[in-house]
Structure formats: structure tokens, C-alpha cells
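The next block holds one structure in the form of C-alpha cells; read it before the comments.
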């Protein structure tokens, strides 16, 4: 029966699962749900691809088209959330994050590493979310200046393990790190 | 090659997938992500179980312990979101919802249908999210007065189909229903 005996071992497990998602396209943590707050005040979500997980800087990164509604929402409020559910590990990771939108020269190196085929995701006429007459009245035209990295700076992690006995802990990221077990 | 030729067929597909999640515990739409806005202003998410999907009243239901943070959040702002990603159908469903919290006599019939084993999810000492000293310093004690139904009244649906050609549409729920194709 798997159990986590201390808070640092529990946190290690979370980072191990996050890191695996970056390198293993088939692993569940590859595809978290990203939530922002819409102009109307609704929390809105979408499935995204985890591109980077850096424990040293407590930062997670995803890529986006700069003209999507989620970027407009982030420009109004850059408080966001990432949610991971990894069934095989029975592990849920929730991150409260403050997002920096990186563009232009800051993302050139990343853009150069994106395969041609995948660049279709960045650049659309009309912009994603714009009303169109028929369902296919749009074109995907790769455009480097539509490519952005959303750098998600973690402020809090809420971890839940649904093993035989459930375990849950909250980590407030800062100097020092404050971590506590909480009732699941 | 599957395609949706009109907006009502596209919406039919979404409701068909939602309805299946209610009855089929192994189907992906059984476990949407539910997002609320925390006291600190972060959109916070958790995996939940879809208990009811009613197209006539445009309403989705989930169950919760009344003492969870999501309920506290909903009492401050009842604007919430539900997100479904159904890999087999290549279909994403996003619902912007306004939530009613049902308790007491309103939920008696539902409570009576919950198997004894499952009632453990409603009632915890201390309450879910409360700080505890050791990871196992809590007890699950089924309590009918901790059981609540979150009735999620749909205000908007945003549907995305990632077939060979991507399709996306937005439905504003009201009289009349307003629906448009949008660029994916």
C-alpha cells in the first residue's frame, strides 16, 4: 500500500509527474486543464499541452496563439489555474499561478524548435473565437508573431492522492516554502 | 471523415456525450473539471462526477460536501465553469454556468439513492481543506446535512471538435437560443 510519509516526499511525487508530462506525450500530465477568468466573470477552461516544468523557478509553461480569448482574459487578470488529473498515479495536482505572456524576441528560440506541421496552431484568419458564417470559413496560417509562451508562476500547489487512504497537502510557494497537510 | 454540417447537429452530439457520462461510469464525460473562483481570485479546479444532464432545463448537476472550499467560493461568486474533454470523440465541451446550491429537503431523494459506501464522501472531521497535523488525522463520517447538489444552469456552451477539419461553435442559452460557428 503506497503512502507518503512526509510533505517533501509528497511534493517530489508531484514534480516527478509534472516533469514526465513534458517529455512523454502519452502521459496524462501532458494535458492539463488551464483556467482563466473571462470578461463576463466566468472561469473558463481548455485542455492545453504542458511544454515545460521547472521546479527550481516554480514555473510551468504552455504555448498559445496570441489572439485567443484566453490571452485577452489574461491581459485583464493574470490570475490563472492549472489542473492535472493523473489516473494511473491516482494523483491530482492543482496550481494557482500568475501568468507572464512572453512574445517576440523572448520566444524566438522556442519558435525555431517547433516543427513546421505544429506551427499551424499559431496564426488563424479570422482569429480564434471570431464568428464565421460556415463551420469551415477559416484558414490556419502559421505566423511567428502570433506565437506566445504563457509562463505560469506557481503561487500555490494543492496536491491530492487518492490511494487506499487519501492524502492532501497545500504548498504556498515563497521564501520560505510553507507546507501543510489538509483533510482531503 | 466525420463532419457536422449544422449547428443543431453539433449541439446534439454534445448532449449525447453529456448524457452518456451520467450513465456510463467509464466514459470520459463522467469526470469533468469544475472551476470556481477562490477568495484570492484564482480560478480553482477539481475533477468531479457528472450526476445529471438535462437538456430540457439546460442544467448539469454534481454532488459535493457542503463544507468544501468550492462551496465557500460559490457562496461568494456563483459563476462557474465545467470542462469536458472526450478523447474518443475528439470533442471538447465548455459550459459557463451559474450555480444553485441545493441542500436539506431539496436533496433528500437524491441522498436516499446514494449507496452506503459512497456516503463517505459527504462529511469529514475536520472539514475538507482544514489544516491537520499528520496526513491521516481526519475521519470520514457520512452526514446527510453535509450533502449538497450543485445545480449548474448553463448560460453558454462552447463546443470544439478536433476532427480532420476542426469545428467550433458557441451557443448562448436563452429565449431564443443564439448559436454561431466560430474559428477554432
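Here is how the numbers come out for the structure above:
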{"read-out": "Ranked B:133, B:76, B:67, criterion: other C-beta atoms within 10 Å, fewest first", "value": "B:133, B:76, B:67"}
{"read-out": "Cα Rg over Rh - the range B:115-184, Kirkwood", "value": "1.29"}
{"read-out": "Overall dimensions of the protein assembly as shown by Cα: Rg and Dmax, Å", "value": "20.6, 61"}
{"read-out": "For residue B:145, inter-copy label distances in nm, listed shortest first [label point 7 Å out on the Cα-Cβ vector]", "value": "6.3"}
{"read-out": "Per-residue Cβ neighbour rank within 10 angstrom, fewest leading, B:83, B:166", "value": "B:166, B:83"}
{"read-out": "Alpha carbon convex hull of the range B:21-67, projected area averaged over orientations, nm²", "value": "4.2"}
{"read-out": "Within a Gaussian network of chain B (alpha carbon springs, distance under 10 Å), most fluctuating of B:72, B:42, B:136", "value": "B:136"}
{"read-out": "Distances in nm from residue A:125 to the matching label points in the other copies, shortest first (labels 7 Å along Cα to Cβ)", "value": "6.8"}
{"read-out": "Fewest-first ranking of A:146, B:152, using other Cβ atoms within 10 Å as the exposure measure", "value": "A:146, B:152"}
{"read-out": "Estimated FRET transfer efficiency (residue B:120, residue B:40; beta-carbon r; R0 30 Å; 0.05)", "value": "0.50"}
{"read-out": "Nearest 10 degrees, 0 to 90: helix B:7-23 Cα axis against chain B principal axis", "value": "30"}
{"read-out": "Hydrodynamic radius by Kirkwood, which averages 1/r over all alpha carbon pairs of chain B, in angstrom", "value": "17.7"}
{"read-out": "Label zone at residue A:72 (point 7 Å along Cα-to-Cβ), backbone N below 14 Å, the range A:129-145", "value": "A:129-132"}
{"read-out": "The range A:56-135-the range B:120-165 distance, computed between alpha-carbon centres (Å)", "value": "27"}
{"read-out": "Calculated FRET value between residue B:6 and residue B:133, using beta carbons and R₀ = 51 Å, to 0.05", "value": "0.30"}
{"read-out": "At R0 = 25 Å, FRET efficiency that the Cβ-Cβ distance of residue B:165 and residue A:113 yields, to 0.05", "value": "0.40"}
{"read-out": "Using a 7 Å Cα-to-Cβ projection, residue B:174 label spacings across copies, nm, ascending", "value": "4.2"}
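No value in this document is a laboratory result; all are computed from the given coordinates. Just so it is clear, the structure is predicted and the values come from calculations on it, not from any experiment. Counting neighbours? That spans all protein chains shown, and the Cβs are built from the backbone with ideal geometry, glycine included.
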